[in-house]
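This report concerns only the one structure given below.
The values are calculated or read from the model by the stated rules, or taken from the named source; none is laboratory data. Please read all numbers here as calculations on a predicted model, not as lab measurements. Positions of Cβ are backbone-derived with ideal geometry, glycine not excepted, and every protein chain shown enters the neighbour counts.
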Amino acid sequence: MTMPLRKPLYLAIFDHVRENIIAGAYQADGRVPTDGQLMRRFHTTRATVSKAMKELERTGLIQRRPGAGSFVRPSDSSNGAFVSTLIAGLGDTEFFEPICAQIAQACHPCKLSLIWGASTLATPVDGDTKIETFVAHLKTQNVTGVFFVPDELTEDAADNRNLKIAQTLTAAGIAVVLLDRDVVPFPEQGPYDLVGIDNMAAGHKQTRHLIDCGCSRILYVTRPGQLWTKTARIAGYRLALQQAGLPSADHAQVCAGDATDLTFCKSLLKLNPDGIVCFHDPVAAHLIQNFQKLGVRIPQRIKIVGLDDVRYSEFLPIPITTLQQPCASIGTQAADLMVRRLNRDKHPPRRILFDTRLIVRTSSHLDVDK
């Protein structure tokens, strides 16, 4: 059984001060509790309090004045700004819901007004939507910033629709913060802030786990399409194989297809894998379901690891070993970057990539407690 991680004390202090700012306990530009007061309240050291206060300052909630103390940050040009969360394609909605929810929570103390889509936590933009028309609609809503999740492009896509969306938003004076993935092919870096996970490190960690479990014939299985995160994870997968002295991954070992298709699953078995790294949990779940239909024993014959730790992954008949993304941290950091951009921050584009947490379950390890 995976035990929940205890929140670090500096984050508890951060949350305490932040919640009081939201509640109006400290008047605008008013003094917040001193380091000494917080040390006594939380029975901790000055270093721990200092770490919490630096985080509050970094997120724009307070100002530290040497010799005077810490004060609630006065309102700025982002105060009351309207922002939106935009997902170009909704294939991964379940994963992005907690990130969008955290963005909503983080926007409140930052004085940002978040506009949702009519029936979803994010405004969808499908391939039939005219980009210029959609951006013009955002302008009529006085939207000045967009948290943008680029879509997966088809393998034969002639143009980069994601980049065009971002460029059209920028041309209209709307700030863009990317979530999870870039608008250019990996390993290129686009001219926008990006918050997500280190996808190359994630692919490496997935593969390294299977190697540590004794696997030596490891496939990477993904759905078709062009996606920045996918290419990065495959690069990490290949690096882990190379570092372990296993055959370098070639095109035969990276298999793109529909995991719900029994014929595709049969084709994977012909490659005789003993481990499979999946792009994300939905691929892993469908593979496990079809392999069970084919009489393949999981994890005895094939060990499987996914990514995202979606809600159902631990409740399947064979719970999925997966990597958990820090959705709360991603959402909070994205809101912080948006505030900076709306305040005309001229810093070069930032890339804030978090680590993932391995959660071992039955799909890769028979003796794991359920």
- prompt: Consider Gly245 against the criteria (1) in a helix (DSSP H, G or I); (2) small (Gly, Ala, Ser); (3) on the phi > 0 side of the Ramachandran plot: it satisfies all of them except one. Which criterion is unmet?
  reply: (1)
- line: Scanning the stretch 287-303 residue by residue, the ones that are out of contact with any strand residue (DSSP E or B) (no Cβ under 9 Å at 6 or more places or on another chain) and assigned to a helix (DSSP H, G or I) total 4
- prompt: If you scan the stretch 152-170, which residues turn out to be modelled with pLDDT of 80 or more and not small (Gly, Ala, Ser)?
  reply: Asn160, Arg161, Asn162, Leu163, Lys164, Ile165, Gln167, Thr168, Leu169, Thr170
task: Confirm whether Ser267 is at pLDDT below 95 and of a type in the set (Ser, Thr, Tyr).
output: no
query: What are the residues in the stretch 320-345 that are more than 19 Å from Cys110 (Cα to Cα) and either surrounded by fewer than 21 Cβ atoms within 10 Å (Cβ to Cβ) or free of Cβ contacts under 8 Å to residues at least 24 places away in the same chain (or both), if any?
result: Gln324, Pro326
task: Output yes when any residue across the stretch 242-253 is at pLDDT 95 or above and among the small types (Gly, Ala, Ser), and no when none is.
output: no
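Scan Asp193, Asp212 and give me the residue that is farther than 18 Å from Cys278 by Cβ and either in the same structural domain as Ala334 (by TED's automatic domain parsing) or modelled with pLDDT of 95 or more (or both).
Working: Asp212 fails: farther than 18 Å from Cys278 by Cβ.
Only one candidate qualifies: Asp193.
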message: Looking only at the stretch 157-167, filter to residues that are in contact (Cβ under 8 Å) with a residue 24 or more places away in the chain and within 20 Å of Ala334 (Cα to Cα); which one of those is surrounded by the fewest Cβ atoms within 10 Å (Cβ to Cβ)?
response: Leu163
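Quick grid of which residues meet (1) in the same structural domain as Leu268 (by TED's automatic domain parsing); (2) farther than 13 Å from Leu353 by Cβ; (3) of a type outside the set (A, V, I, L, M); (4) surrounded by fewer than 22 Cβ atoms within 10 Å (Cβ to Cβ):
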{"residue": "Val176", "(1), (2), (3), (4)": "no, yes, no, no"}
{"residue": "Pro185", "(1), (2), (3), (4)": "no, yes, yes, yes"}
{"residue": "Thr207", "(1), (2), (3), (4)": "yes, yes, yes, no"}
{"residue": "Ser216", "(1), (2), (3), (4)": "yes, yes, yes, yes"}
{"residue": "Val221", "(1), (2), (3), (4)": "yes, yes, no, no"}
{"residue": "Thr229", "(1), (2), (3), (4)": "yes, no, yes, no"}
- request: Name every residue in the stretch 290-314 that is more than 26 Å from the chain's Cα centre (by Cα) and either surrounded by fewer than 18 Cβ atoms within 10 Å (Cβ to Cβ) or among the β-branched types (Val, Ile, Thr) (or both), in order of residue number.
  value: Gln292, Lys293, Leu294, Gly295, Val296, Arg297, Ile298, Gln300, Arg301, Ile302
